[in-house]
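Worksheet: the structure to be examined is printed underneath.
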């Protein structure tokens, strides 16, 4: 039986530092999210692929990189229960935003909440007739669906890298003008609050790319808890510094 003294000791214990890092890389299509994530692997990485982006690794220039990567096509959250995660220094979910979108599609196609919550479109078009608008409850269920899957990954003895497509705010029209990972806020919060790095990947002219971890502003979401990885960095310099710090 636990004594009051043991409860007190437990309540006042020092925090335990987790040696494994979690990163979120986001950007528009074609901004090297997949190859950057794979380049952050030390010896052996597991790539959970949701949209076929892994095929870029088949290009001859990525031959050495591809040798370090095991690719699994991720088709649903339940699949994560059966994947063998042993033996990898890094696990990559690429892109997690696509998995979230597929989950929302599944909710729309396979559930109706008994006719409650969602509103039907008012339209005279035969193509649009009968379509419904996703309701707040759909986004809550999406968060609740992803939370246990993510919690399982957070317990792995491996570094985690999530990639995501970026939002595309329309100047003057979108209420939120901040570029950030493209998924409902409640679902992203589960990952964002745990992330050591949130980096926006984008082109910087003449074939150059950058990873931007600058402090969040009205136009971009960024974050870094790792000294030496701050602000805007050349993409190659970012990867090299990351590996120098994470795999000393």
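A few points about this structure:
- Cα shape, region 45-113, gyration tensor, a/c 1.5 rule: oblate
- Over region 94-248, relative contact order from alpha-carbon pairs under 8 Å, at least 6 apart, %: 17 percent
- Estimated translational D of the chain in µm²/s (Stokes, Kirkwood radius over Cα pairs; 20 °C; 1.002 mPa s): 107 µm²/s
- Whether region 99-159 is rounded, prolate or oblate, judged on the alpha carbon gyration tensor where a/c under 1.5 counts as rounded: prolate
- Calculated diffusion of region 137-246, Stokes-Einstein form, Kirkwood radius summed over Cα pairs, 10 °C and 1.306 mPa s, µm²/s: 103 µm²/s
- Tensor-based shape of region 1-102 (alpha-carbon gyration tensor, a/c under 1.5 rounded, otherwise prolate or oblate): prolate
- Per residue, the chain reaches -9000 deg cm²/dmol at 222 nm when only DSSP H runs of four or more residues are counted, each adding -39500 (n - 2.57).
- When 13, 241 are sorted by how many other C-beta atoms sit within 10 angstrom of their C-beta, beginning with the fewest, the order is 13, 241.
- Ranked list, fewest to most other Cβ atoms within 10 Å of each Cβ, for 111, 39: 111, 39
- For residue 131 and residue 219, a Förster radius of 30 Å and the Cβ-Cβ distance give a FRET efficiency of 0.35, rounded to the nearest 0.05.
- The calculated FRET efficiency for residue 18 paired with residue 81, based on their beta-carbon distance and R0 = 22 Å, is about 0.45.
- Taking the DSSP bridge list for region 19-246 and keeping only pairs wholly inside it, about 30 percent are antiparallel.
- Distance between the C-alpha centres of region 194-239 and region 1-64: 16 Å, rounded to the whole angstrom.
Every read-out reported here was derived from the displayed coordinates using simple, explicitly stated rules and does not represent laboratory data. These numbers were taken from a predicted model, which means no experiment stands behind them. Glycine also receives a Cβ, built like all others from the backbone with ideal geometry; neighbour counts cover every protein chain displayed.
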